[in-house]
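The values are calculated or read from the model by the stated rules, or taken from the named source; none is laboratory data. What you are looking at is a predicted structure, and each value in this text was computed from that prediction instead of being measured. Don't worry about glycine lacking a Cβ; one is built from the backbone with ideal geometry, like all the others, and counts go over all protein chains shown.
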Amino acid sequence: MTTPTLDCIALIADPPLIRAGTVDRDWMSATEDRFAHRCTPLTMANASGWEILNPTGFSATWTGGDDREAITIVADDPEVGVDRVSSLFGYGVLTFHPGYVFRTSPGWVTWCRGVPNRVKDGIQPLDGVVETDWLPFSFTMNWRFTRPGTIRFEKDEPFCFITLTPSVAIEAVQPRLSRLEDDPALYRDYALWHIQRGQFNAALAQGDPAARQQKWQKNYLNGVSAEGEYIAGEDHRHKRRLNEPQPAAPGPTKTE
């Protein structure tokens, strides 16, 4: 498969910073022994895209009304202002203007959303799938208040997370329903894993030294079956670090 491209074309002189997604989340780091970081699917999701950072801190208040004037926005620095965030649609929706046109390879689209597994009280990010393989203009990132009140976005806090996905391949997927018992090999593997998981959790709860030293079972992390056989395949990942945005190479010199 050809490596897809993502071009981030600035519309303004000082666009928001874009960085590769980071693994850490405050609530995950606050769990005992950073326990939440042991969940590979969580940390992989955290790092599977790029964050767009808020250029200046502000507070936004929603009265609960449906009109656009029901949201007021106050910048931390009145001289800087917050011209990149607005109440554009009403109905408690706060709109960010990323300041870029994004262009992707043919057949690839941009999924824009809030940063995965980052919880924000009082407001919810809205997902959007944008056909950036042809789009010649920008899109907005929107958040909806979950209740009347005031929320804050700090300077350099991510307000948008973008990741790439194939455009139409999912439309060919046909979900199939079956029972675990219909696949004897899978049934055996699952049953063995289920027994081992129960035994390990029981040993951990009882303070077994070996279980406490192991801390958690690492079948998924290591891509192995309950019998220790590697089965994940060459695409298995337990860590991800995406490329940081870099200036585009200069185009060809125009000749007279």
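Among the residues of segment 58-73, which ones are at negative phi and over 27 Å from the mean Cα position of the chain (by Cα)?
Result: Thr63, Gly65, Asp66, Asp67, Arg68, Glu69, Ala70, Thr72.
Those residues that are closer than 22 Å to Ala20 by Cβ and either under 15 Å from the mean Cα position of the chain (by Cα) or of a type in the set (Gly, Ala, Ser) (or both), I need them from segment 121-142; list them, please.
Matches in segment 121-142: Pro125, Asp127, Gly128, Val129, Ser138, Met141.
Which of the residues belonging to segment 201-256 are among the aromatic types (Phe, Trp, Tyr) and modelled with pLDDT of 85 or more?
Passing the criteria: only Tyr230.
Could you check segment 72-98 and list, in sequence order, the residues that are in contact (Cβ under 8 Å) with a residue 40 or more places away in the chain and either among the polar types (S, T, N, Q) or farther than 19 Å from Lys155 by Cβ (or both)?
Residues satisfying the conditions are Leu88, Phe89, Tyr91, Gly92, Val93, Thr95.
Hey, Val119 hits all of (1) assigned to a loop (DSSP other than H, G, I, E, B); (2) over 24 Å from Pro4 (Cβ atoms); (3) touching a strand residue (DSSP E or B) at 6+ places or on another chain (Cβ under 9 Å) but one; which does it fall short on?
Among (1) assigned to a loop (DSSP other than H, G, I, E, B); (2) over 24 Å from Pro4 (Cβ atoms); (3) touching a strand residue (DSSP E or B) at 6+ places or on another chain (Cβ under 9 Å), Val119 violates only (3).
Every residue in segment 62-79 that is among the aliphatic types (A, V, I, L, M) and in a strand (DSSP E or B), please.
Ile71, Ile73, Val74, Ala75
If you go through segment 39-61, how many residues are out of contact with any helix residue (DSSP H, G or I) (no Cβ under 9 Å at 6 or more places or on another chain) and not in a strand (DSSP E or B)?
9
Answer yes or no as to whether Pro98 is in a loop (DSSP other than H, G, I, E, B), farther than 30 Å from Val224 by Cβ and within 17 Å of the chain's Cα centre (by Cα).
Yes; evaluated as a whole, the condition is true for this residue.
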